[in-house]
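Every number here is computed from the coordinates shown, using simple stated rules; none is lab data. Keep in mind the model is a prediction, meaning the values are calculated, not measured. Because the Cβ atoms are built from the backbone with ideal geometry, glycine has one as well, and the counts that use them run over all protein chains shown.
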Amino acid sequence: MKNLFVLASVVALLFGCTFSADQEAALNSSLARYIQARNECQVVGLVGFTYPELVRDFKSQGDSVFQHQFDCDKNPDYFNIIQNATLRTTSKENESIHVLYDFDEYNEGDGTFFKRAFELVAISENDGVNWFFIPWKEYYDKNQCKNLKRLILK
């Protein structure tokens, strides 16, 4: 039920944006799968939908850094459920598209709710055919993904 709500929210947010139907469908599908992997601690899915250069950066720092970044049970960044995606901005240059979302977070353990507490960037390098995701803090950190041209600035 929760996944259906997230997907419906994403579809509603993107309806009417400047994406083609195929781009929108690909983004909606990838975003829903990323959210599900993150919220349900599906490590393989989480790694698979994370921006590949970021995955390589973490791998190059050693197994312990890589495991900490993607081990949902040990990394406090994954303790909260993300929900209620809100599209904040989109930027496009040639075949590269970057979309900034923010999410509310909910901690099932203690019931706390944080409005607009998590930011995520969706990135397509092939005009919306495939989408990968990078949390804002890594997107903003120029020491991560050094080859990534950041299209969104805050």
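Remarks
- Sparsely packed GluC sites (Glu not before Pro) within the stretch 76-121, loop by DSSP, other Cβ within 10 Å at most 12: GLU95, GLU108
- Label separation (ALA25 vs THR112): 4.2 nm, computed from points 7 Å beyond Cα along the C-beta direction.
- Divided by 2.2 N^0.38 Å, where N counts the residues, the Cα radius of gyration of the stretch 29-154 comes to 1.03.
- 11 Å beta-carbon shell around ILE134, net charge (K/R +1, D/E -1): -3
- Total lysine pairs under 30 Å (Cα atoms) in the stretch 2-140, excluding pairs fewer than 8 apart on one chain: 11
- Theoretical gain in end-to-end length, ASP73 to LYS92 [0.36 nm per residue, Cα-Cα removed]: 3.3 nm
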